[in-house]
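Asks: Take a look at this one; I'll ask things after.
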Amino acid sequence: MIIKAPRGTADILPIEAKRWQYVEDQIKKVCERYHYDEIRTPVFEHTEVFQRGVGDSTDIVQKEMYTFEDRGGRSLTLRPEGTAAVTRAFVQNKLYGDPSQPVKLYYFMPMFRYERPQQGRMRQLNQFGVEVLGSADPAVDAEVIDLAMTCYQELGLRSLKLVINTLGDKESRAAYRQALIDYFAPVKEELCQDCQSRLNQNPMRVLDCKTDRNHPAMENAPSILDYLNEESKQYFEQVKTYLTMMGIAYEVDPNLVRGLDYYNHTAFEIMSEAEGFGAITTLAGGGRYNGLVEELGGPSTPGIGFGMGIERLLMALEAEKKDIPVDESLDCFVVTMGDEAAKQAVLLVHELRTHGIQVDKDYQGRKVKAQFKAADRYKAKYVLVLGDEELEMQVINLKDMDTGDQIQVPLTELAVIMQEKLQGGK
RNA sequence: GCGGUCGUGGCGAAGUGGUUAACGCACCGGAUUGUGGCUCCGGCAUCCGUGGGUUCGAUCCCCACCGAUCGCCCCA
């Protein structure tokens, strides 16, 4: 029985890896323009980072973490999301003391969640994410959202929907929370099993329950927008104003609730509306988390960020039939005839490579014809044919695979000629 | 965690309770001792996800497990 990759994990094979590289490169360019710097944190953290950061009552912490004890008896957890990890690094490394504020970071890191796998939902998933720590300016919220949207747009995605909401500050959020509990308490028994427990742990989640969607109580349920204090309202208005100013279309959904405890004020999600994208439509999600740094032992510091699933991004590109430009060609392939030539080819490719030329040769002991077929398969632009006779005369045949033209050149001049040919825009 | 569907060579895809498991693509070899993309010929699954059961006999029937996939939950 062959060993397979664990459930919910996948190999990214060479062809696929080229698409990943392209996507990552494009996104990194956007990050540079927005002046964000990369950060990388460990794949595992002390379990406490997520318990305190993400919140004990969340699904992630309650049932999705890969938690284990190491040989020293420490409880460690494979990173399920980026924000708490990056914030921990921010606190530990005292980045709040860095003269450059706010600290604007981006990352590409794998995350791990124990869930039932599906397409677009992996146990090891890769996220691109951004975190800005140290500024409570609503313009930063807008910048972060703009950055996310720009990444998608640069890659060619068009069927996108941006949904935003505000959870208000701590005070507003607490007031709203209590209002919900009070409102639903009389009909608690009529709600689904999940909602009955949600009501205590995270009452806002009751609002977007699919099961109880049609319950009469939903209609007149209190809205967060009615419980915002003046400051929170102002903040949200500012964010919206900036988005509008930049021409970024959005929809306000008062029921948008993110599943992580650390969020307050701005929360947003970006979904794909592409045909046939299936039930999983969320491409990215994020929000503001002004209490998190303190929660993790740092000084009071505002923060905002988002996570974007790379697998889902790739799916969205596919759903919108956006081809990713991938260069699969090979500059040069060496075909040999005869034993001596085959041996000399080892040196030949080494020398050409030293001169910066991309070149490969046969290692399967193929016949000449099959070597040419291999060259075609690799989409070789040029083939260098080296036989024992040529070797004797210290020359080599250089064949242009597009035109079929072949010329004979002295071995000593080969590297220079190849460089010229390849630079000629071929 | 719950419910449905599915699992045959590198890929795609037929098929049947009973000696040699179609076909297409890809790959390898030959026709063409040293030059590709076309054509023709030949080769290429001791085996039908894994384990067990039913049966004289199972890839085809049953069960379990594993995996994929769809929906729910949740989210990226």
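The values are calculated or read from the model by the stated rules, or taken from the named source; none is laboratory data. All figures in this text were calculated on a predicted structure; none of them were measured in a lab. Note that each Cβ is placed from the backbone with ideal geometry, even for glycine, and that neighbours are counted across all protein chains shown. Areas reflect the complete protein model, heavy atoms only, side chains present, ligands, DNA and RNA absent. Shrake-Rupley method; radii C 1.70, N 1.55, O 1.52, S 1.80 Å.
Asks: Could you please tell me which pairs satisfy a Cβ distance under 7 Å, a separation of 6+ or placement on different chains, a first residue in the range A:1-14 that is at pLDDT below 90, and a second residue that is more than 7 Å from RNA strand B (Cβ to nearest atom) and open to solvent by 100 Å² or more (accessible area, probe 1.4 Å)?
Replies: A:5/A:11
Asks: Okay, moving on. Conditions first: (1) under 30 Å from residue A:387 (Cβ atoms); (2) assigned by TED's automatic domain parsing to the domain that holds residue A:107. Residue A:307 passes all but one, so which condition is the exception?
Replies: If we test residue A:307 against (1) under 30 Å from residue A:387 (Cβ atoms); (2) assigned by TED's automatic domain parsing to the domain that holds residue A:107, just (1) comes out false.
Asks: Scanning the range A:375-417 for residues that are near RNA strand B (Cβ under 6 Å from one of its atoms) and of a type in the set (A, V, I, L, M, F, W, C), which turns out nearest to the chain's Cα centre (by Cα)?
Replies: That would be A:401.
Asks: Mind telling me which of the residues A:155, A:167 ends up being closer than 30 Å to residue A:11 by Cβ and either of a type outside the set (D, E, K, R) or touching a strand residue (DSSP E or B) at 6+ places or on another chain (Cβ under 6 Å) (or both)? Break it down into steps so the answer makes sense when it comes.
Replies: Details: A:167 fails: closer than 30 Å to residue A:11 by Cβ.
Of the residues listed, the single one that is closer than 30 Å to residue A:11 by Cβ and either of a type outside the set (D, E, K, R) or touching a strand residue (DSSP E or B) at 6+ places or on another chain (Cβ under 6 Å) (or both) is A:155.
Asks: A further question on this structure: So which strands (runs of 3 or more DSSP E) stay within the range A:54-158 end to end and still have 2 or more residues that are within 11 Å of RNA strand B (Cβ to nearest atom)? Before you say what the answer is, go through the steps one by one.
Replies: Numbers: elements: A:66-69, A:75-78, A:103-112, A:124-133.
Once the strands (runs of 3 or more DSSP E) in the range A:54-158 are filtered for at least 2 residues that are within 11 Å of RNA strand B (Cβ to nearest atom), what remains is A:103-112, A:124-133.
Asks: I'd like the full set of residues that are under 45 Å from the mean Cα position of the chain (by Cα) and on the phi > 0 side of the Ramachandran plot, limited to the range A:335-359.
Replies: Within the range A:335-359, just A:356 meets the criteria.
Asks: From the list A:318, A:351, pick out the single residue that is part of a helix (DSSP H, G or I), open to solvent by 10 Å² or more (accessible area, probe 1.4 Å) and at pLDDT below 95. Walk me through how you get there before you give the answer.
Replies: Values: A:351 fails: at pLDDT below 95.
That would be A:318, the only listed residue that is part of a helix (DSSP H, G or I), open to solvent by 10 Å² or more (accessible area, probe 1.4 Å) and at pLDDT below 95.
Asks: Residues in the range A:253-304 that are touching a residue at least 60 places away in the same chain (Cβ under 8 Å), not aromatic (Phe, Trp, Tyr) and not in a loop (DSSP other than H, G, I, E, B): how many?
Replies: Of the residues in that region, 18 qualify.
Asks: Could you say whether any residue in the range A:56-65 is farther than 20 Å from residue A:307 by Cβ, free of Cβ contacts under 8 Å to residues at least 24 places away in the same chain and open to solvent by less than 60 Å² (accessible area, probe 1.4 Å)?
Replies: no
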